[in-house]
Amino acid sequence: MKGMLFAAGLMTLMPIVQAADLTIGLASSTTSMDPQFYVGGANSAMARNLFDGLVNQNEKQQIVPALALSWKAIDDTTWQFALRPNVKFHDGTDFSARDVVASVKRVALAAKNSPSAYTPYVADISEIREINPLTVEIKTKGPAALLLNNLSRIAILPARLADQPTEVLNSGKEVIGTGPFKFVSYTPDDKVVLSRNDHYWGGKAEWDTVTLRVIKNSSARIAALLSGDVDMIESVPTADRATIARQQAFVTESVPGNRILYLHPDQDREVSPFAKGDDGKNPLRNVAVRQAMSLAINRDALVERILDGQGLASSQLVPKGYPGYSAHIPAPVYDLKQAKQKLAAAGYPNGFTLTFHASNDRYPNDAKIAQALGQMFTQAGIKTEVVTMPGNVYFAKAAQREFSLVMGGAAIETGEASGVLGPLLETFGPNAGQGNRGRYSNPEFDKLLSQARATLNEQQRDALLQQASELAMKEQGVIPLLFLSNTWAMKKGYSYVGRTDGYTLPYFVHKQ
């Protein structure tokens, strides 16, 4: 009895170790738990919590080892990858070369019904095979300068899931990776709950449990932080950043982003549902019309008045410093008079009618940006109606090409220009142009991009990417608007190194 009392007394003296839980307010929903289904920022960020690639990207989008410890080019079309030993999947099974081979081959299956598939990232691969349990060989169709960048986008799953469709992963039954966190639950448009992977090859995360809450409304996201309901939020509204920064209980982190907001005009349909001239035909097919629309946009006003300076006006898809940025593409020009002249010269002296569709909860102040653009086009003579809707509805309809002019956003997922030029501008097909909603198509552009991907010399590849970008921007295959800054806010004592891709990754959130 005395022993029991003594033990009880000891227990009262021992410190109580509280669970380390982290709650983050996200601005966008994860639409699928299948990491190979839909190329989208929210999906890609979520996948990084649960899965690894052969290689990953750090906060500056530089390639770093992940499930591959090292790699070497045997010749121009053959690569060998030495895999990390002693890695386990969340279900306790061992990771091996067999899983890599199966995962790369599964990408084609996961592409079924995808709004934007991962197939372009494996299009260069002609063969992948297991040399031994810790060595994989990849053969490419030709020199593939961007193979590592592309492989950073491909999540590795257990080989036994090779034939499992997306629906199985979305149900939560088989969300199994090697990442720093394990899957607990997924409630669409509400939250994702994760638990720590104590056997993570990169070291245990600081957090036992992570709850990622979807709070699309900016004001509600701010309120959740200020009230203590969440520990951290992403996509801090530009108007609130300074207010939060002045409060001693919170800190902010901001980095220049590489996510470009852009417009995609319908360029291939002779008759488009929401863009009509007097003859009933689609004016957006005319290059001069698209150029006029670009001239009608006051990008600096969008940045300063709507985003409170938290952005950078742009006339191309990659920011300065990234491979493929061209100094020969003129800076953005706002010239309403010239816009009207171009419209008249194109055969539309009285403009035309346009309904412009956009999301209202996906990007910072996206609905306000859309309304401002509608006013700018109307001032140029294009009678514009603006319709905004929730992102989950909008993007599904945009993927089905139900609109004539859409606004979207794209991060440079691969860290260089082909990561946006390919998805947005390459001629649409099973392995190309998966995000090309306007169906821009130019054989010369496709040729330049293909040559760049096959050019191993960095300077020569950069020159080809610049030429491709210059051609597409001259024809306004897309109309770039601005780059968004990436901003986070968190309770004092928490820290996070901001990422250029805008991902919010709890593994890298720390508490002092």
Please count how many residues of the stretch 272-304 are surrounded by fewer than 17 Cβ atoms within 10 Å (Cβ to Cβ) and either touching a strand residue (DSSP E or B) at 6+ places or on another chain (Cβ under 6 Å) or under 21 Å from G435 (Cα atoms) (or both).
3
Of all residues in the stretch 91-107, which are in contact with a Pro (Cβ under 9 Å, 6 or more places away or on another chain) and either buried (at least 18 other Cβ atoms within 10 Å of the Cβ) or without any contact (Cβ under 8 Å) to a residue 60 or more places away in the chain (or both)?
D94, F95, S96, A97, D99, A102, S103
Those residues that are part of a loop (DSSP other than H, G, I, E, B) and polar (S, T, N, Q), I need them from the stretch 156-200; list them, please.
Q164, S171, T178, N197
Select from the stretch 237-270 the residues that are assigned by TED's automatic domain parsing to the domain that holds V420 and farther than 18 Å from G309 by Cα and write down the one among them that is surrounded by the most Cβ atoms within 10 Å (Cβ to Cβ).
P265
I need a count of the residues in the stretch 88-139 that are outside any strand (DSSP E or B) and either at pLDDT 95 or above or within 26 Å of K397 (Cα to Cα) (or both).
35
Any pair with Cβ under 8 angstrom, 6 or more apart, that starts in the stretch 393-410 at a residue that is more than 21 Å from L484 (Cα to Cα) and ends at one that is part of a helix (DSSP H, G or I) and of a type outside the set (S, T, Y)
F403/K397; S404/L284
So, in the stretch 414-469, of the ones that are in a loop (DSSP other than H, G, I, E, B) and β-branched (V, I, T), which residue ends up nearest to A45 (Cα to Cα)?
T414
Scope the stretch 39-57; condition in contact (Cβ under 8 Å) with a residue 60 or more places away in the chain and closer than 17 Å to G502 by Cβ; matching residues:
V39, G40, G41, S44, A45, M46, A47, R48, N49, N56, Q57
Using the structure shown, decide if T504 is on the phi < 0 side of the Ramachandran plot, assigned to a loop (DSSP other than H, G, I, E, B) and out of contact with any Lys or Arg (no Cβ under 9 Å at 6 or more places or on another chain).
yes
Of the conditions (1) farther than 26 Å from H357 by Cα; (2) touching a residue at least 60 places away in the same chain (Cβ under 8 Å), the single one that Q460 does not satisfy is (2)
Whether any residue in the stretch 72-88 is under 21 Å from A162 (Cα atoms) and of a type in the set (V, I, T) is what I want to check.
yes
Right, V289: in contact (Cβ under 8 Å) with a residue 12 or more places away in the chain, closer than 30 Å to L50 by Cβ and not polar (S, T, N, Q) or not?
no
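The values are calculated or read from the model by the stated rules, or taken from the named source; none is laboratory data. Nothing here was measured: the structure is a model prediction, and the numbers come from that model. Using ideal geometry, Cβ is built from the backbone for each residue, glycine included, and neighbour counts are taken over all protein chains shown.
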